[in-house]
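Notes follow the structure.
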Amino acid sequence: MIETERLYLRELQQSDIGSLSKILQDDQTMYAYEGAFDDKEVQDWLDKQLANYRRDGFGL
């Protein structure tokens, strides 16, 4: 976790899936990813980040 006076960063958690879906399923936000994700793609992306935390100690 990183915290400053104006910023708070923490690792993603499974409970973030709803907020993450709003971002990853938005066409305008995801134009550089070749389009918005469906529900499975959002879960797969989150699972990959959680695995990265365990394996590498960091993720996106």
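Any read-out appearing in this document is the output of simple, stated calculations on the displayed coordinates, not a laboratory observation. Note that the structure is predicted; figures quoted are calculated from it, not measured. Heads up, the Cβs are rebuilt from the backbone with ideal geometry, glycines too, and the neighbour counts pull from every protein chain shown.
Segment ASP16..ASN52, full-extension length gain: 11.3 nm, with 0.36 nm per residue of separation and the alpha-carbon distance subtracted.
Placing +1 on each Lys and Arg Cβ and -1 on each Asp and Glu Cβ, with no other charges, gives the stretch 11-56 a dipole about its Cα centre of roughly 200 debye. Helix 39-56 and the longest principal axis of the C-alpha atoms of the chain enclose an angle of approximately 30°.
ILE2 to TYR31: extension gain in nm, 0.36 nm per residue of separation minus the Cα-Cα distance? Walk me through the numbers before you get to the answer.
On the way: separation 29, 0.36 × 29 = 10.44 nm, distance 2.90 nm.
That pair, ILE2 and TYR31, stretches by 7.5 nm at full extension.
Comparing GLY57, LEU20, GLN43 along the charge dipole axis of the chain, the residue lying farthest to the positive side is GLY57, per the Cβ-charge model.
Computed on the Cα atoms alone, the convex hull of the chain gives a volume of 105 cubic angstrom per residue.
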